[in-house]
Amino acid sequence: MALPHSFATIIISFFLLNLHHHHAESTRPPYSCDSSSNSPYYSFCNTKLPITKRAQDLVSRLTLDEKLAQLVNTAPAIPRLGIPSYQWWSEALHGVADAGFGIRFNGTIKSATSFPQVILTAASFDPNLWYQISKTIGREARAVYNAGQATGMTFWAPNINVFRDPRWGRGQETAGEDPLMNAKYGVAYVRGLQGDSFEGGKLAERLQASACCKHFTAYDLDQWKGLDRFVFDARVTSQDLADTYQPPFQSCIEQGRASGIMCAYNRVNGVPNCADFNLLTKTARQQWKFDGYITSDCGAVSIIHEKQGYAKTAEDAIADVFRAGMDVECGDYITKHAKSAVSQKKLPISQIDRALQNLFSIRIRLGLFDGNPTKLPFGTIGPNEVCSKQSLQLALEAARDGIVLLKNTNSLLPLPKTNPTIALIGPNANASSKVFLGNYYGRPCNLVTLLQGFEGYAKTVYHPGCDDGPQCAYAQIEEAVEVAKKVDYVVLVMGLDQSQERESHDREYLGLPGKQEELIKSVARAAKRPVVVVLLCGGPVDITSAKFDDKVGGILWAGYPGELGGVALAQVVFGDHNPGGKLPITWYPKDFIKVPMTDMRMRADPASGYPGRTYRFYTGPKVYEFGYGLSYTKYSYKLLSLSHSTLHINQSSTHLMTQNSETIRYKLVSELAEETCQTMLLSIALGVTNRGNLAGKHPVLLFVRQGKVRNINNGNPVKQLVGFQSVKVNAGETVQVGFELSPCEHLSVANEAGSMVIEEGPYLFIVGDQEYPIEVTV
């Protein structure tokens, strides 16, 4: 790999010198069970007792009014028991943020590392990077608590909903459209934040911080054509629930061991998520063995009665959510109506106690009832770990590794460093934190704009191109053209911002907003050489015009790249970093907006013209494919070994189904013993060769598809991602990459009943343009 340009080191060092927030005196963090005080000793303070016993003891001491007061996100203090107030709502989507109520940057610590928005980090296809980021976030969060600037350590992240529709304003918060990616991202994030190892299994009962997987479930519409998430009833098939919407949450719980879940606003098949016993209790707690707390999204309890009409009264709504298994409300509906729900005998005390035991168990696991936290695990994490050189370097690495090179005609990129003159033109060319950081961001340590990044490499002139930011209703095209004529190279920085895509606001148009496209064409025609277009956006944009314009020589997608995105982009454009990111989402053409956003079906329906969704099922034209991304070098693959060329499954019953007069034999995964699945593991070893003259970090994506292309109506994916790894490969070097696959997980598909099945027949493993066959017999 090319070493980071010295400018990056200078930038980071300079900003570290200017961070003064580590020298002030910190205040004491809030905690219970202070052994040094004269307060009475309670069993819930006894660290030798099991956590469940301690929580039960605490709950048993509360009055009814005290109990009810604890069931909302802003839980008041209980002075007679020495229990401080607690705030359940804190945010840490891509860095510790003060977007919730639990974190304050008003003391020793004034800011925290702001990593790239999740969609860009996902494009690295590097779970180890994801883990390192969340581990850093978790340590910075604990440092904020130790400095006395946090009233809660429960963070409502990650967002692991599948990015089903390109218009979704919150797709930027996710790891993209693939369920396996969202699952792996969720597991890596949870393990890092909570203090587990990358592989998992090292987390005991104690939590560094608490992660919360959201939004459970089938939530991916905010506001579309007057229909909002509060009233939307998502009609979802059992098949789509089984292989698209639920797997990320199952992994988050079973593998990540998340300590929190958030139930979503919307209904699924008529039932509000927060009032769904089958979802919260039967599936999460009983099937997946979830043992944490369940919160509502903010205001999600009130809408069950007031907007959805599912519950006839406020008291019924409260009874419904606690019966379903919810533990705490973000909001104050319970504060207003729980007492009457109890007096009307709609809300049993036993359900209140269950919820409180779940809630206090988490607070105990966080070490908040063990006395002075400075003497406990995680107690020595100090302000010096916030905005540290290592954290900023990781933020820079994350931005660099996610950036995707979409076009590079005649190797226009990287641009030369031999003192060229550069014009940086466009509405996002000198963007502030509101663009670079995406949403749910905190206060960055020190943000580097793209203009600042470029000025470290070349003489740079800047022109906004548009009068009103990315909306670009009014463009200064003639002025921009004049600027472009006078320089050696032009970089146009276009795209979206939070006015175009955000929470409560889905997009209505998939092209570039306003006059951005016209600006690109005009400047490209006037420039001395083909121009470079950089896109800052979360969701995909139809840039077909630029893709096929000979005057546009290079296109880069940089998501929302975080506080050091300006440095990262400059390093990529000038060749101090070789881009290797790949798109975590399909980029659709503009006319995809004809498809109703409310149609939750993943599978295509040729009879009605419905094209399906995501690379797994979409049958229409694409601007760019999921997994697409170029590099400044070329890579090739070679199969080194495949443990099985034929896989015979003879355990359990064989079932038959008929499709288009063809009889297909299959096995139900639920009928195969876990030991059977383990004995059938497949191993694949690949050689990855860098055939260029630049080192690079390269994501290797392994797909599987059925070798016999059956009618699309059978509902099986076109292909399915089954594994991915990111590897560093020096120029001319070959490295070995290995994958271990379980047929029960990776060769199975969901049938219409929502059961996972392994069908007999030929399969193909696909890496790049290489295909490797395997035959399955049952």
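The values are calculated or read from the model by the stated rules, or taken from the named source; none is laboratory data. These numbers were taken from a predicted model, which means no experiment stands behind them. All Cβ positions, glycine included, derive from the backbone under ideal geometry; neighbour counts span all protein chains shown. We work out accessible area using only protein heavy atoms, side chains counted, and drop any ligands, DNA or RNA first. Shrake-Rupley method; radii C 1.70, N 1.55, O 1.52, S 1.80 Å.
For the pair LYS728 and SER35, the difference between a 0.36 nm per residue extended length and the Cα-Cα distance amounts to 244.3 nm. Full extension of the chain between PHE198 and SER643 gives 157.6 nm of extra length, using 0.36 nm per residue less the Cα-Cα distance. Calculate what fraction, in whole %, of the accessible area of the range 635-776 sits on carbon and sulfur atoms when a 1.4 Å probe is rolled over the protein chains. That share works out to 46 percent.
Taking a straight line from the alpha carbon of LYS521, these aspartates and glutamates sit under 17 Å away, with near neighbours fewer than eight places off in the same chain left out: GLU478, GLU479, GLU482, ASP542, ASP549, ASP550. Close amide-amide hydrogen proximity is noted between ARG502 and GLY169, each under 5 Å apart and 5 or more residues distant or on a separate chain (H modeled in the peptide plane; Pro and chain starts excluded).
Centroid-to-centroid, using Cα positions, the range 399-428 and the range 727-766 are 35 Å apart. Residues of the range 443-465 with an amide N closer than 19 Å to a point placed 7 Å from the Cα of CYS298 along the Cα-to-Cβ direction: 443-444. Counting only protein chain heavy atoms and rolling a 1.4 Å probe, the accessible areas of LYS375, LYS719 rank, largest first, as LYS375, LYS719. In the structure shown, the pairs LYS214/LYS282; LYS110/LYS434; LYS67/LYS307; LYS407/LYS728; LYS389/LYS515 are assessed against 29 Å; a Cα-Cα span above that value is assigned to LYS389/LYS515. Across the range 457-468, rounded Karplus estimates of 3J(HN,Hα) from the backbone phi angles (6.51 cos²θ - 1.76 cosθ + 1.60, θ = phi - 60°) give 10, 8, 5, 10, 10, 10, 9, x, x, 10, 7, 10 Hz, Gly and Pro being marked x.
Of all stretches in the chain that contain no GluC sites (Glu not before Pro) in a DSSP loop with at most 10 other Cβ atoms within 10 Å, the longest one is 206-778. Could you tell me the calculated FRET efficiency between SER742 and GLU478, based on Cβ-Cβ distance and R0 = 51 angstrom, to the nearest 0.05? Taking R0 as 51 Å, the efficiency between SER742 and GLU478 is 0.25. Ranked from largest to smallest solvent-accessible area, with a 1.4 Å probe on the protein heavy atoms, TRP89, TRP130 come out as TRP89, TRP130. Using a cutoff of 8 angstrom between alpha carbon atoms and counting only pairs six or more residues apart, the relative contact order for the chain works out to 15 percent.
Each residue of the range 662-669 was assigned a 3J(HN,Hα) from its phi angle through the Karplus expression (A = 6.51, B = -1.76, C = 1.60, θ = phi - 60°), giving 9, 8, 10, 8, 8, 10, 7, 4 Hz with x at Gly and Pro.
Cysteines of the chain lacking any other cysteine Cβ under 4.7 Å from their own Cβ: CYS212, CYS537. Annotation: CYS45 carries an accessible surface of approximately 20 Å², with a 1.4 Å probe and no ligand, DNA or RNA atoms counted.
Centroid-to-centroid, using Cα positions, the range 518-536 and the range 256-305 are 48 Å apart. Once Rh is set to the Kirkwood radius over Cα pairs, what Stokes-Einstein translational diffusion coefficient, in µm²/s, holds for the range 283-359 at a temperature of 4 °C and a viscosity of 1.567 mPa s? Value of D from the Cα-based Kirkwood radius: 103 µm²/s. Ordered by 1.4 Å accessible area with all protein chains kept, HIS644, HIS215 run largest first as HIS644, HIS215. Separation of the range 107-132 from the range 584-616 is 30 Å, based on Cα centroids. Only helices enter the 222 nm calculation for the chain: every DSSP H run of n ≥ 4 contributes -39,500 (n - 2.57), and dividing by all residues gives -7000 deg cm²/dmol, rounded to 500. Applying 1/(1 + (r/R0)^6) with R0 = 56 Å to the Cβ-Cβ distance of GLU625 and PHE277, what FRET efficiency is obtained, to the nearest 0.05? In this case the efficiency is close to 0.90. Where a ≥ b ≥ c are the square roots of the eigenvalues of the C-alpha gyration tensor, would you call the chain rounded, which needs a/c under 1.5, or, failing that, prolate if a/b is larger than b/c, or oblate? Here the chain falls in the oblate category. Taking label points 7 Å from Cα along the Cα-to-Cβ direction, LYS307 and GLN452 give a separation of 3.8 nm. Assign one of three labels to the range 648-692, namely rounded, prolate or oblate, based on the Cα gyration tensor with a ≥ b ≥ c the square roots of its eigenvalues; rounded applies when a/c is under 1.5, prolate when it is not and a/b is larger than b/c, and oblate otherwise. It comes out oblate by the Cα gyration axes. Only helices reaching 18 angstrom along their own axis (Cα) with mean Kyte-Doolittle hydropathy no lower than -1.0 count here, and for the DSSP H runs of the chain these are 127-146, 179-194, 349-365, 389-402. For the range 540-548, the Karplus equation 6.51 cos²θ - 1.76 cosθ + 1.60, evaluated at θ = phi - 60°, returns couplings of x, 10, 6, 10, 3, 4, 5, 4, 9 Hz by residue, with Gly and Pro reported as x. Surface composition of the range 375-437: carbon and sulfur make up 50 percent of the accessible area, probe 1.4 Å. Residues within the reach of a label modelled at LYS485 (point 7 angstrom out along Cα to beta-carbon, backbone nitrogen below 20 Å), restricted to the range 532-555, are 532, 551-552. The gain in end-to-end length when the SER636 to GLU771 segment is fully stretched comes to 47.3 nm, 0.36 nm per residue minus the alpha carbon separation. The residues of the chain expose on average 36 square angstrom of accessible surface per residue, using a 1.4 Å probe on protein heavy atoms.
By the gyration tensor of its Cα atoms, with a ≥ b ≥ c the square roots of the eigenvalues, what is the shape of the range 43-385: rounded for a/c under 1.5, prolate for a/b over b/c, or oblate? It is oblate, given that a/c is not under 1.5 and a/b is not larger than b/c.
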